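**Q** Got a structure for you, written out below as structure tokens; questions coming shortly.
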Amino acid sequence: MTDLFDGFEIAGPARQPLAPGAVLLRGFAQPHETELLAAIEAITAQAPFRRMITPGGHQMSVAMTNCGSVGWVTDRSGYRYDACDPDTGRPWPAMPPLLRQLAEQAANEAGFAAFAPDACLINCYEPGAKMSLHQDRDERDIGAPIVSVSLGLPATFLFGGLKRSDKTQRYQLAHGDVVVWGGPARLAFHGVGPLAGGEHARLGRRRINLTFRRAQ
Ligand code: SIN
Ligand code: FE2
């Protein structure tokens, strides 16, 4: 479609390409916000947010939990996926069908058919929390994309290239925005700048981000 007709593109949400294999779907999750927030409440009642320790011994500023058949964890021994919550010894809460369907639909919209996530890392940022530039590379299947759903306070998302030193672009991610990266962008470096203060109508002084992965 040429620029001339962009204004008439009314079917589906606004789509912003970030790189080959990476796209920002503005507002894609917005219609499901109430169900998403209820699902997150139920998950965190069983597996509360906690600030994990990096292999280098630092406590992360972002608080995390998971749902799915495995969850991403970090401690002094390294990063890995584990079927159990290390804080309780119990399996992570199952991934609610609504969450899986939303991730599958977003992946499909981005050109990745048949995405079947088995892990969802849920990050909670309070003002000042950030995530340094990194690659998501602990997953066994990097043929599958990453689907990232943002809720609550807006954040600055940094998206770079395949080398840490590659230039990064900055994007504001707002409540309901979804980013999908896979294919040639699957191992792109990305991160989140320090969260600014503010008050979100549904989430208060927080940003919650869900990243869906095919880990195993
Ligand atoms: C992540 O890279 O795991 C989180 C990205 C985000 O919070 O937007
Ligand atoms: Fe990541």
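**Q** Among the residues of region 23-36, is there at least one that is closer than 17 Å to residue 136 by Cα and either modelled with pLDDT of 95 or more or open to solvent by 50 Å² or more (accessible area, probe 1.4 Å) (or both)?
**A** First pass over region 23-36, keeping only residues closer than 17 Å to residue 136 by Cα: 23.
With either modelled with pLDDT of 95 or more or open to solvent by 50 Å² or more (accessible area, probe 1.4 Å) (or both) added as a condition, the list becomes 23.
Yes, that holds for at least one residue.
**Q** With respect to residue 87, determine if the residue is open to solvent by 10 Å² or more (accessible area, probe 1.4 Å), in contact with a Phe, Trp or Tyr (Cβ under 6 Å, 6 or more places away or on another chain) and part of a loop (DSSP other than H, G, I, E, B). Please lay out each step first, then the result.
**A** Numbers: open to solvent by 10 Å² or more (accessible area, probe 1.4 Å): yes; in contact with a Phe, Trp or Tyr (Cβ under 6 Å, 6 or more places away or on another chain): no; part of a loop (DSSP other than H, G, I, E, B): yes.
Taking the combined requirement at face value, the residue does not satisfy it.
**Q** Only residues that are of a type in the set (A, V, I, L, M) and open to solvent by less than 10 Å² (accessible area, probe 1.4 Å): list them for region 154-194, please. Don't jump to the end; show me each part of the working.
**A** Taking region 154-194 and keeping what is of a type in the set (A, V, I, L, M), we get 155, 158, 162, 173-174, 178-180, 185, 187-188, 192.
Correct list: 155, 173, 178, 179, 180, 185, 188.
**Q** Next up: Could you count how many residues in region 116-132 are assigned to a loop (DSSP other than H, G, I, E, B) and within 16 Å of ligand 2 (Cβ to nearest atom)?
**A** Step one: of region 116-132, the residues assigned to a loop (DSSP other than H, G, I, E, B) are 116-118, 126-130.
Checking which are within 16 Å of ligand 2 (Cβ to nearest atom) leaves us with 117, 129-130.
Total satisfying the criteria: 3.
**Q** Also: When both residues are 6+ apart or on different chains and their Cβ atoms are under 6 Å apart, which pairs have a first residue that lies in region 84-97 and is without any contact (Cβ under 8 Å) to a residue 60 or more places away in the chain, and a second that is open to solvent by 30 Å² or more (accessible area, probe 1.4 Å) and among the hydrophobic types (A, V, I, L, M, F, W, C)?
**A** Cβ pairs passing all conditions: 91/83; 91/84.
Yes/no per residue for (1) without any contact (Cβ under 8 Å) to a residue 12 or more places away in the chain; (2) surrounded by fewer than 22 Cβ atoms within 10 Å (Cβ to Cβ); (3) more than 13 Å from ligand 1 (Cβ to nearest atom); (4) of a type outside the set (S, T, N, Q):
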site	(1), (2), (3), (4)
118	no, yes, yes, yes
121	no, no, no, yes
129	no, yes, no, yes
137	no, yes, no, yes
146	no, no, no, yes
150	no, no, no, no
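**Q** Looking at region 176-193, which of the residues that are within 12 Å of ligand 1 (Cβ to nearest atom) and either modelled with pLDDT under 95 or not hydrophobic (A, V, I, L, M, F, W, C) (or both) is farthest from residue 116 (Cα to Cα)?
**A** Looking at the filtered set, the residue picked out is 193.
**Q** Yes or no: residue 176 more than 14 Å from the chain's Cα centre (by Cα), among the small types (Gly, Ala, Ser) and more than 15 Å from ligand 2 (Cβ to nearest atom)? Write out each step before concluding.
**A** On the way: more than 14 Å from the chain's Cα centre (by Cα): no; among the small types (Gly, Ala, Ser): yes; more than 15 Å from ligand 2 (Cβ to nearest atom): yes.
In short, no.
**Q** From (1) open to solvent by 10 Å² or more (accessible area, probe 1.4 Å); (2) within 16 Å of ligand 2 (Cβ to nearest atom), pick out the condition that doesn't hold for residue 199.
**A** (2)
The values are calculated or read from the model by the stated rules, or taken from the named source; none is laboratory data. Quantities reported herein were computed from a predicted structural model and do not represent experimental measurements. Please note: Cβ atoms are built from the backbone with ideal geometry, for glycine as well, and neighbour counts cover all protein chains shown. Just so you know, the surface numbers come from the protein's heavy atoms only, side chains and all, with ligands and any DNA or RNA stripped out. Shrake-Rupley method; radii C 1.70, N 1.55, O 1.52, S 1.80 Å.
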